[in-house]
Amino acid sequence: MSTGLRIVMLGRQGAGKGTQCRRIAEHFGVPHISTGEMLRAAVRQDSVLGRAVKQVLDAGQLVDDELMVSLVQGRLGEPDARTAGYVLDGFPRTVSQAQSFDDISRARPVNLVIDLAVDRELVVSRLSARRTCEQCEANYVATGSEPSPWKCDKCGGAVTQRADDTPAAINKRLDLYDQQTAPLIDYYRAKSVLAVVNGVGTPDEVFARLVVAVEGVTKA
Ligand code: AP5
Ligand code: MG
């Protein structure tokens, strides 16, 4: 595909968007653009953006639409995304963001929107056990017998619980998903770019389903 492969990954918090988008990025040679990772990097760097969004993130609230659209527009304008495309993880997340995304991507529209489907009960248990490397964002599952301090196998960074993986913030985020993000499933179904992929199973099983869905577009 000469103009690249452009994928949006929808799915509840804890559905495995980050886990699977990293694999899609590697397999299909497209950049993984995670708005959550971009925001958390800004918080770590204590930049102006980071200071503006830290409390919003920690409480599990959504960052302002206008700010998110300009952040994504800037990132999609970089050379790698312009040529290879992208797998977009965490954006759009409201109908207003989706409408703005239509405008900013008009020259190179999205090829495929995936709804990674996992029910609420299962994602709550995944998120409660999730531990994340503060440096490279590799995910781990807490079993209760981890070393302390816990170091990342991949980069040696500190493995901790994300500030928004507390029970209160998890519930807030999932409520917001139902209210603000779930309507995007119908929004993209109406545009005939939606594929619903079952996100339950081992990461390898889920990835195999995703490859089939993406190849349906690349080979079309
Ligand atoms: P973001 O970073 O996008 O977080 P999220 O949407 O809450 O989603 P998660 O990262 O929690 O879940 P995931 O689906 O990536 O699951 P993962 O692969 O880690 O956003 C964070 C915050 O930033 C938002 O709350 C908001 O404040 C702000 N923000 C970002 N974008 C925004 C936007 N557009 N507008 C406004 N605000 C925005 O997997 C979860 C766990 O499950 C892991 O432990 C993993 O190892 C495990 N797991 C994964 N797959 C499987 C499997 N198949 N089986 C068993 N376990 C699995
Ligand atoms: Mg994620």
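The values are calculated or read from the model by the stated rules, or taken from the named source; none is laboratory data. Please read these numbers as outputs of a predicted model, since none were measured by experiment. No Cβ is skipped: glycine too gets one built from the backbone with ideal geometry, and neighbour counts run over all protein chains shown. Only protein heavy atoms, including side chains, enter the accessible area calculation; ligands, DNA and RNA are left aside. Shrake-Rupley method; radii C 1.70, N 1.55, O 1.52, S 1.80 Å.
Looking at (1) within 16 Å of ligand 2 (Cβ to nearest atom); (2) touching a residue at least 40 places away in the same chain (Cβ under 8 Å), can you tell me which one LEU39 breaks? Among (1) within 16 Å of ligand 2 (Cβ to nearest atom); (2) touching a residue at least 40 places away in the same chain (Cβ under 8 Å), LEU39 violates only (2). Tell me whether the range 71-85 contains one or more residues that are within 21 Å of GLN13 (Cα to Cα), touching a helix residue (DSSP H, G or I) at 6+ places or on another chain (Cβ under 6 Å) and either open to solvent by less than 70 Å² (accessible area, probe 1.4 Å) or modelled with pLDDT of 95 or more (or both). No. Of the residues that sit in the range 57-70 and are without any contact (Cβ under 8 Å) to a residue 60 or more places away in the chain and away from ligand 2 (no atom under 16 Å from the Cβ), which one is surrounded by the most Cβ atoms within 10 Å (Cβ to Cβ)? Here the answer is VAL69. Where residues in the range 1-25 are in a loop (DSSP other than H, G, I, E, B), in contact (Cβ under 8 Å) with a residue 24 or more places away in the chain and more than 15 Å from ligand 1 (Cβ to nearest atom), which of them is nearest to VAL118 (Cα to Cα)? Among those that are in a loop (DSSP other than H, G, I, E, B), in contact (Cβ under 8 Å) with a residue 24 or more places away in the chain and more than 15 Å from ligand 1 (Cβ to nearest atom), it is GLY4. Restricting attention to the range 13-43, the residues that are open to solvent by 50 Å² or more (accessible area, probe 1.4 Å), of a type in the set (D, E, K, R) and farther than 12 Å from GLU137 by Cα total 2. Residue pairs whose Cβ atoms lie under 8 Å apart, separated by 6 or more positions or on different chains, with the first residue in the range 186-197 and in contact (Cβ under 8 Å) with a residue 24 or more places away in the chain and the second surrounded by 14 or more Cβ atoms within 10 Å (Cβ to Cβ) and of a type in the set (Lys, Arg), are VAL197/ARG209.
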